[in-house]
Amino acid sequence: MTPEQFETILREWGRYYGERPGPEWDDGTPDARVIPGGATIHPLERARQFAPGRRRTFVERQLHGRDGVSRRRAMGAAAGLAVLPADFVDPVPCVETRPVIGTPRPDPRYTDTIRAVQEAWLTLRKYWPDQAEVVRLHYQVRGMTRKEKAAQMPGGAIGLRRYKDLLRDAQTWLHARLAR
């Protein structure tokens with residue numbers, strides 16, 4: 001693999017395992033949290049749309065016409081009664097049409113390549129934690145310069161030259177590990 005391909009793979013890994021995308025990740029795709037005017041929607045504002053009253057009234061509003069009352073009313077009218085109690089009506093038979101119940105769909109961004117990089121990074125972290133931390137900071141943290149990232153090292157701030165040396169050594173190790 002070429003150095004450009006390797007760099008692309010590491011950037012994909014950083015996007016998948018790193019911080020949530022922000023303006024520094026802008027790649028031209030629309031973001032669901034941004035209004036066409038450019039403003040973002042706060043999560044609490046979004047929650048207010050779904051919580052105008054009590055939970056019971058919300059559920060009743062959502063299930064209106066789907067709770068079986070109309071079916072029991074029609075059956076009761078045919079029998080000359082009002083609404084039949086739910087205990088007097090058999091449930092509607094149905095068949096599950098989904099192939100797997102309760103299993104979430106796999107994330108299309110999680111590829112075999114990203115899995116391989118993560119496994120290699122975990123091995124690197126086991127033997128050379130400083131190098132692994134530099135790789136994590138370099139590819140998963142956005143919006144900071146290398147000097148700021150070097151100051152964020154868990155064992156204490158390191159110099160920019162040491163940061164670059166650790167990054168180069170870690171990239172060489174990861175490249176050799178992934179090329180096998």
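The values are calculated or read from the model by the stated rules, or taken from the named source; none is laboratory data. For clarity, every value in this text was computed on a predicted model and none was experimentally measured. Counting neighbours? That spans all protein chains shown, and the Cβs are built from the backbone with ideal geometry, glycine included.
Structure notes:
- Of Val141, Val135, all but one fail to be surrounded by 14 or more Cβ atoms within 10 Å (Cβ to Cβ), among the β-branched types (Val, Ile, Thr) and under 17 Å from Phe6 (Cβ atoms); the exception is Val135.
- Elements of type helices (runs of 4 or more DSSP H) in the stretch 1-98, at least 3 residues being under 23 Å from Met144 (Cα atoms) and at pLDDT 65 or above: 3-17
- Arg180 being within 32 Å of the chain's Cα centre (by Cα), modelled with pLDDT under 80 and of a type in the set (Lys, Arg): yes
- Considering residues of the stretch 162-179 that are closer than 14 Å to Leu124 by Cβ and of a type in the set (D, E, K, R) only, the residue surrounded by the fewest Cβ atoms within 10 Å (Cβ to Cβ): Arg168
- Which listed residue is assigned to a helix (DSSP H, G or I), at pLDDT 90 or above and within 27 Å of the chain's Cα centre (by Cα), from Arg115, Arg161: Arg115
- The selection criterion, being touching a residue at least 40 places away in the same chain (Cβ under 8 Å), surrounded by fewer than 15 Cβ atoms within 10 Å (Cβ to Cβ) and of a type in the set (Phe, Trp, Tyr), holds for Tyr110.
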